[in-house]
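Taking it in order: structure first as structure tokens, then the write-up.
The values are calculated or read from the model by the stated rules, or taken from the named source; none is laboratory data. For clarity, every value in this text was computed on a predicted model and none was experimentally measured. We place every Cβ from the backbone using ideal geometry, glycine too, and count neighbours over all the protein chains shown. Each accessible area value is taken on the protein alone, full model and side chains, heavy atoms only, with ligands, DNA and RNA left out. Shrake-Rupley method; radii C 1.70, N 1.55, O 1.52, S 1.80 Å.
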Amino acid sequence: MSTPERLIESTRELLWERGYVGTSPKAILERAGAGQGSMYHHFTGKPDLALAAIRRTAEEMRATAQDVLGGPGTPYQRIEAYLRRERDVLRGCPIGRLTMDPDVVASDELRGPVDETIDWLREQLAAIVEEGKEQGQFVPSLDAEEVAATILSTVQGGYVLARASGSPAAFDAGVRGLLSLLRPATA
């Protein structure tokens, strides 16, 4: 792996573990096994490197979600697959964590890929709910945008509750509850 790649990957991990403030250039260099000055040779500084790392994380999250949401099955089955997909619940969401980082939220540039990813995911979920309504799988009175927001809230809130309790049980309970509310009569 090239030095810039090691720097990006190390920054991604550190942002997920420690947040922006807790991710020092020294920690990045140590994790990447890169020499002093490497970061500034390839990036203009910590914000530039963090932006590259956040963009990479956002791209991977979208690709993972697209694989599941664009996969086979009914709209309900695709939502269920998204909610039940394998994830490190106790570690939390790498994008969701960034929404709680005041330095990321304060920076339009750093927050951009985070906002874009959340908006993209909400749009994808809303489109699947609409598809389900059109097929008669979901009741016509469902508001697709509100259901999409509920799905995202369940996932992100589930991460928080699981981390707080030290157990994925809270995440799993939220997923089961939401799926029971969405379950078509024929499922």
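In this structure, does Val104 turn out to be buried (at least 16 other Cβ atoms within 10 Å of the Cβ), modelled with pLDDT under 95, in a helix (DSSP H, G or I) and among the hydrophobic types (A, V, I, L, M, F, W, C)?
Details: buried (at least 16 other Cβ atoms within 10 Å of the Cβ): yes; modelled with pLDDT under 95: yes; in a helix (DSSP H, G or I): yes; among the hydrophobic types (A, V, I, L, M, F, W, C): yes.
Spelling it out, Val104 is indeed buried (at least 16 other Cβ atoms within 10 Å of the Cβ), modelled with pLDDT under 95, in a helix (DSSP H, G or I) and among the hydrophobic types (A, V, I, L, M, F, W, C).
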- prompt: Looking at Glu145, is it assigned to a helix (DSSP H, G or I), surrounded by fewer than 16 Cβ atoms within 10 Å (Cβ to Cβ) and touching a residue at least 60 places away in the same chain (Cβ under 8 Å)?
  reply: no
- request: Could you please let me know if Ile128 is surrounded by 15 or more Cβ atoms within 10 Å (Cβ to Cβ) and touching a Lys or Arg at 6+ places or on another chain (Cβ under 9 Å)?
  value: yes
- prompt: Which of (1) over 12 Å from the mean Cα position of the chain (by Cα); (2) open to solvent by 60 Å² or more (accessible area, probe 1.4 Å); (3) at pLDDT 95 or above; (4) among the hydroxyl-bearing types (Ser, Thr, Tyr) does Ser153 not meet, given it meets every other one?
  reply: (1)
- request: Only residues in the stretch 158-187 that are within 19 Å of Glu131 (Cα to Cα) count as the first member; pair them with residues that are modelled with pLDDT of 95 or more and open to solvent by less than 70 Å² (accessible area, probe 1.4 Å), Cβ under 6 angstrom, at least 6 apart or cross-chain, and list the lot.
  value: Leu178/Thr154; Leu179/Glu80; Pro184/Tyr76; Ala187/Tyr76
statement: So, first residue on the phi > 0 side of the Ramachandran plot in the stretch 59-76, second residue not hydroxyl-bearing (Ser, Thr, Tyr), Cβ within less than 9 Å, six or more apart or across chains; the pairs are Gly73/Glu80; Gly73/Ala81
